[in-house]
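**Q** Supplied in structure tokens, the structure appears directly below.
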Amino acid sequence: MISQRTMNTEERGRRAYLVDPTTKLISQVFIKDYMDIQRHIGCDMFTMAFRLDNSDVLYVDDSGLIDGKKHDYFAVLDVYDAPLAGRGLLVGSDAQGGDADAQTNILDLAMMVKWAEST
């Protein structure tokens, strides 16, 4: 018999959504600390591009627009229409500003994202 055990947030990490303009996919991932955010985005330094009304935040590469590398881009319509370079990671935040499970529905996020052509 296979035992199914539900993992708590501490074990699995916090639910986040990776926005990848290269593959044009949005996927669910889990993060436990800032190093997971760096790994998913693919950068050393990241910054918050915006905060949604439900307190979810989108992190992006802090130097993505100025690092001289070729990137694919995306925008988040009605929230942040300027192009964002490289991957983005949507993460929830708690009342103290710490990371939490993303509250945005992945389908709602997919409807907000607009993929841009590579430059």
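No value in this document is a laboratory result; all are computed from the given coordinates. This one's a predicted model, so the numbers in the text were calculated from it and none came from an experiment. All Cβ positions, even for glycine, are placed from backbone atoms using ideal geometry, and neighbour counts span all protein chains on display.
**Q** Could you tally the net charge around Asp36, taking each other residue with its Cβ under 10 Å from the Cβ of Asp36, Lys/Arg +1 and Asp/Glu -1?
**A** Details: positive: Arg14, Lys32, Arg39; negative: Asp33, Asp99.
Counting the neighbours of Asp36, the net charge comes to +1.
**Q** Along Cα→Cβ, 7 Å out, is where each label goes; now give me the distance between the ones at Gln103 and Glu11 in nm to one decimal.
**A** Once both label points are built, they end up 2.7 nm from each other.
**Q** Scattering from the C-alpha atoms of the stretch 12-116 alone, worked out with Debye: what is log10 I(q)/I(0) at q = 0.10, 0.12 1/Å?
**A** -0.23, -0.34
**Q** For the stretch 12-116, what is the charge dipole size about the Cα centre, in debye to the nearest 20, if Lys and Arg each add +1 at the Cβ and Asp and Glu each add -1 at the Cβ? Each step should come with its number before you reach the end.
**A** Numbers: 11 positive and 16 negative charges, 67 e Å.
Around 320 debye, computed over the stretch 12-116.
**Q** Once you place label points 7 Å from the Cα toward the Cβ at Leu77 and Met111, how far apart are they in nm?
**A** With each label point 7 Å from Cα toward Cβ, the separation is 1.0 nm.
**Q** Towards the positive end of the charge dipole of the stretch 12-116, with charges on Cβ (+1 Lys, Arg; -1 Asp, Glu), say which of Phe46, Ser63, Leu25 has the farthest Cα.
**A** The Cα lying farthest towards the positive end belongs to Leu25.
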